[in-house]
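The values are calculated or read from the model by the stated rules, or taken from the named source; none is laboratory data. The structure displayed is predicted, hence computed values, not measured ones. FYI the Cβ positions are ideal-geometry reconstructions off the backbone, even for glycines, and counts take in every protein chain you see. All accessible areas refer to the heavy atoms of the entire protein, side chains included, with ligands and DNA or RNA removed. Shrake-Rupley method; radii C 1.70, N 1.55, O 1.52, S 1.80 Å.
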Amino acid sequence: MTRDLTDTLSRRKFIIGTGASGVAALAGCTENTGSEDGGSDGGSDGGGSDDGGSDGSDGNGEGTTTGGDELSGTIVVKGSSTVFPVSDTFAEMFMEEHPNVNVTVDSTGSGGGFKNHFCPGEADINGSSRPIKDSEVEQCQSNDVEPVEFQIAGDALTMAVNNDAGWVDCVTPDEMSQIWRDGGAEMWSDVRDDWPDEEFALYGPAETSGTYDWFNENIVGEDLQHTAEHQPTEEDDTIVQGIRDNTHAMGYFGYAYFKSNPDLVKALNVDGGDGCTEPSLENAKDGSYPMARPLFIYPAKSALQREEVYEFMKFYLEQAETDVVSEIGYVPSSADLRDENLATLDEMAGR
């Protein structure tokens, strides 16, 4: 889904609660089982600098030139830790083709990126693992920043436990809600009698994370609050490590971080009413996995007027339909969605 978000404050719920169908819209791409390290927690070699962000006026465009290999400038990308491996990989690939362009990619969380970098006009692009909120659109508008939405991939949000947690292989959304809600279960045996009388050790995203927001609304429940009794972090590798080191741990993160660490933790199947379904790209793509969800990037419309940002976004949207995305651990875009995205890009850039 792509669109100009200027007049969208009245819309919401356009994909919340229907993440599986949003991901299924990406169908037509086959899962590539090749593995790449999608779990990096650092920035790209572009330097990770917070400087040089822009809402697209002149900002990062200092020194910008065009014409063949002379493309140059600085592009600042913030946002989702889930989307980070995609943006970071594409940034490295783009800079190999355009060595005079510096693309910095930092994992700040979807909400943290919008609030602290993108909407204040200090970043050109924000990755997000959930749709932008009305309050974020309002903040952006107050700073004359106009976000443009591009759905670029799909994810099989993964709940994982320690490899030695032999008592559990599959959970239901209601059981996850009991565990992860404020005032919920404290011990494994509070959920199922045959689970151990041991306290949960929970590891998960911070409140600034889009993954936290999606999980809270779709699994914990709209009328409930996510527990604060967990170890929060914007570094998904840290969640993996926490689960690995604690027998009674549980945590959740984007599928790419499990794909890059398949031997360190155990991914749980999820029973949404049709039987236990494992997190996988194929199950996310066909909508059978209950925690499938779409992933997004949001460039500022005014930033798209800069040649280096436009070319990077064009490169990004084209690559999003390739096996590079499945190698990272997500469902690639479809050819139709790619073409829709590229048409929107040209429209927003005035091409």
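Candidate cross-link partners of K115 among the lysines, defined by an alpha-carbon separation under 29 Å and a same-chain spacing of 8 or more, comprise K13, K78, K133, K301, K314.
Within the shell of other residues whose beta carbon sits under 10 angstrom from the beta carbon of F258, the net charge comes to +1, with Lys and Arg scored +1 and Asp and Glu -1.
Listed by chain and number, the aspartates and glutamates whose C-alpha is less than 18 Å from the C-alpha of K266, apart from same-chain residues fewer than 8 away, are D37, D155, D164, D169, E175, D236, D237, D245, E278.
Rounded to whole numbers, the Karplus 3J(HN,Hα) couplings from phi for segment 165-178 are 7, x, 7, 9, 10, 8, 9, 9, x, 5, 5, 5, 5, 4 Hz, using 6.51 cos²θ - 1.76 cosθ + 1.60 with θ = phi - 60°, and x at Gly and Pro. Taking Cβ atoms as reference points and 12 Å as the exclusive limit, the residues near Q178 contribute a net charge of -3, counting Lys and Arg as +1 and Asp and Glu as -1. Between segment 199-265 and segment 115-177, the alpha-carbon centres lie 13 Å apart. Surface calculation, 1.4 Å probe, protein heavy atoms: L71 sits at approximately 10 Å² accessible. Restricting segment 121-226 to trypsin sites (Lys or Arg not before Pro) that sit in a DSSP loop and have at most 14 other Cβ atoms within 10 Å of their own Cβ leaves R192.
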